[in-house]
Amino acid sequence: MLQHGDTAMHKLALFASLAAIATAGIILAQVFSRALAQEHRRPPQDEAIHDKFYSTRIMPDLVTRSLDPAIRARANDGD
């Protein structure tokens, strides 16, 4: 028969084990999600158009200077 102290130690050991398993799971999920994110590839036939777009695209530091009027309106509403 387990005594009160033994039950508390058993619960503590169980909690520590579950915490270790959860921590390991979180770490593994982070590692695998980063690895999968790096594997993103666009179709070969789209490479040229993507490269052209992203090499000439300008992202303004000030959203209020955006060429899109809807973006400018939203940015000005925050003032």
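Checking A8 against (1) surrounded by 10 or more Cβ atoms within 10 Å (Cβ to Cβ); (2) in a helix (DSSP H, G or I); (3) modelled with pLDDT under 65, only one condition comes out false. Which one?
Just one mismatch for A8, condition (3).
Can you name the condition, by its number, that D51 falls short on among (1) modelled with pLDDT under 80; (2) of a type in the set (D, E); (3) not in a loop (DSSP other than H, G, I, E, B)?
Failed condition: (1).
The values are calculated or read from the model by the stated rules, or taken from the named source; none is laboratory data. Predicted model only: the values in this text are computed from it and were never measured. When we count neighbours, we look across all protein chains shown, and the Cβ atoms used for this are built from the backbone with ideal geometry, even at glycine.
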